[in-house]
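These notes are about the structure you will find just below.
The values are calculated or read from the model by the stated rules, or taken from the named source; none is laboratory data. For clarity, every value in this text was computed on a predicted model and none was experimentally measured. Every residue, glycine as well, gets a Cβ built from its backbone with ideal geometry; the counts of neighbours run over all protein chains shown.
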Amino acid sequence: MATIDANGITIYYEEFGEGPPLLFFNGSFSTLATSRPLVQVFGSRLHTVAHDQRGLGKTSIPTGPYTMAEYAADGLAVIDAMGWDTCRVVGISFGGMVAQEFAVTNPDRVERLALLCTSPGGAGGSSYPMHELRAMPIEQRAKVGIEIMDTRFSDEWFAEHPSDLALVSAMGDRPSPAEGSDAARGEFEQANARSHHDVWDRLGAISCPTLVAAGRYDGIASLVNSEAIVSRVPNSQLRVYEGGHAFFAQDPSAFGEILDFLAD
């Protein structure tokens with residue numbers, strides 16, 4: 001556990017495991033406190049560093065608006081603090097957007113890139129507008145959140161797939177910051193930055209081996225968006241898994257294949 005001062009903020013980060021160096025970018029509104037078990041999976045095979053992104057967790061909540069370029073620059077500051085000239089990079093959902101921005105602006109720093117359940121933005125397609133979801137009343141937000149997580153989800157589906165019901169329940173148990181708090185403001189600023197994500201015209205700058213992984217039934221980052229990324233990134237491959245936005249928790253083959261790619 002450590003902090004660094006960079007880009008006008010204090011960034012909180014943690015290290016996990018041993019092996020090839022890996023920079024991990026988290027999803028929307030996720031912090032190390034809420035996703036540590038997920039990060040530890042990557043730490044089982046790689047020396048993984050993950051940080052609370054600006055506006056979240058134990059990292060500073062500066063005045064907005066934030067930009068995707070700033071999120072990428074924060075990641076660069078973290079690997080500079082680690083003393084890594086190059087590393088592997090993985091991004092999940094919003095983190096996949098930051099990972100794309102990171103890779104197109106710092107292609108010489110990325111050895112391998114894994115983009116999970118994410119979108120390129122612009123003409124390549126955007127993910128579900130989370131800033132609109134956050135503006136919904138709590139009950140409506142919860143209902144829509146379930147519907148877009150996996151397009152198959154329904155009461156009938158959950159009755160026959162208790163593991164998916166447990167997944168939804170676990171994600172629903174994550175605490176939300178109090179309205180009007182600095183933490184809520186940080187989430188708002190992240191969602192706003194996310195709405196401006198667009199690397200579509202720059203994806204050709206990514207030169208490293210790239211794995212794009214998608215859930216077949218993802219209603220947040222649709223499969224066609226992952227296909228679009230692969231159409232623009234020269235040395236890339238697409239793998240489709242049986243699940244939704246959290247396919248890596250639904251399809252038992254996902255994590256093994258993703259870790260094999262990153263640790264190669």
Discussion item. If Ser181 satisfies all but one of (1) of a type in the set (S, T, N, Q); (2) closer than 29 Å to Tyr66 by Cα; (3) surrounded by fewer than 20 Cβ atoms within 10 Å (Cβ to Cβ); (4) in contact with a helix residue (DSSP H, G or I) (Cβ under 9 Å, 6 or more places away or on another chain), what's the number of the condition it fails?
Written reply: (4)
Worksheet item: Of the conditions (1) at pLDDT 95 or above; (2) surrounded by 15 or more Cβ atoms within 10 Å (Cβ to Cβ), Asp201 fails just one. Which one is it?
Response: (2)
Worksheet item: So which of Ser195, Ser127 ends up being hydroxyl-bearing (Ser, Thr, Tyr), touching a Ser or Thr at 6+ places or on another chain (Cβ under 6 Å), closer than 30 Å to Glu242 by Cβ and in contact (Cβ under 8 Å) with a residue 12 or more places away in the chain?
Response: Ser127
Worksheet item: Cβ-Cβ below 7 Å, separation at least six or inter-chain, first residue in region 104-115 and in contact (Cβ under 8 Å) with a residue 40 or more places away in the chain and under 17 Å from Leu22 (Cβ atoms), second basic (Lys, Arg) and buried (at least 17 other Cβ atoms within 10 Å of the Cβ): which pairs?
Response: Glu111/Arg88; Arg112/Arg88
Worksheet item: Among Thr48, Thr63, Thr59, which is more than 20 Å from Ala249 (Cα to Cα), outside any helix (DSSP H, G or I) and touching a residue at least 12 places away in the same chain (Cβ under 8 Å)?
Response: Thr59
Worksheet item: Can you tell me which residue in region 216-230 is surrounded by the fewest Cβ atoms within 10 Å (Cβ to Cβ), limited to those that are under 11 Å from Gly124 (Cα atoms) and over 17 Å from the mean Cα position of the chain (by Cα)?
Response: Val224
Worksheet item: Looking at this structure, is Ala73 in a helix (DSSP H, G or I), hydrophobic (A, V, I, L, M, F, W, C) and crowded, with 22+ Cβ neighbours inside 10 Å?
Response: no
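Results for (1) under 25 Å from Thr210 (Cβ atoms); (2) buried (at least 18 other Cβ atoms within 10 Å of the Cβ); (3) at pLDDT 95 or above; (4) of a type in the set (Ser, Thr, Tyr), shown as yes or no for each residue.
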{"site": "Met1", "(1), (2), (3), (4)": "no, no, no, no"}
{"site": "Asp5", "(1), (2), (3), (4)": "no, no, yes, no"}
{"site": "Phe16", "(1), (2), (3), (4)": "yes, yes, yes, no"}
{"site": "Leu23", "(1), (2), (3), (4)": "yes, yes, yes, no"}
{"site": "Thr31", "(1), (2), (3), (4)": "no, yes, yes, yes"}
{"site": "Phe42", "(1), (2), (3), (4)": "yes, yes, yes, no"}
{"site": "Thr48", "(1), (2), (3), (4)": "yes, yes, yes, yes"}
{"site": "Leu56", "(1), (2), (3), (4)": "no, yes, yes, no"}
Worksheet item: In region 1-29, what residues are in contact (Cβ under 8 Å) with a residue 60 or more places away in the chain, in contact with a strand residue (DSSP E or B) (Cβ under 9 Å, 6 or more places away or on another chain) and under 17 Å from Tyr66 (Cα atoms)?
Response: Ile11, Phe25, Asn26, Gly27
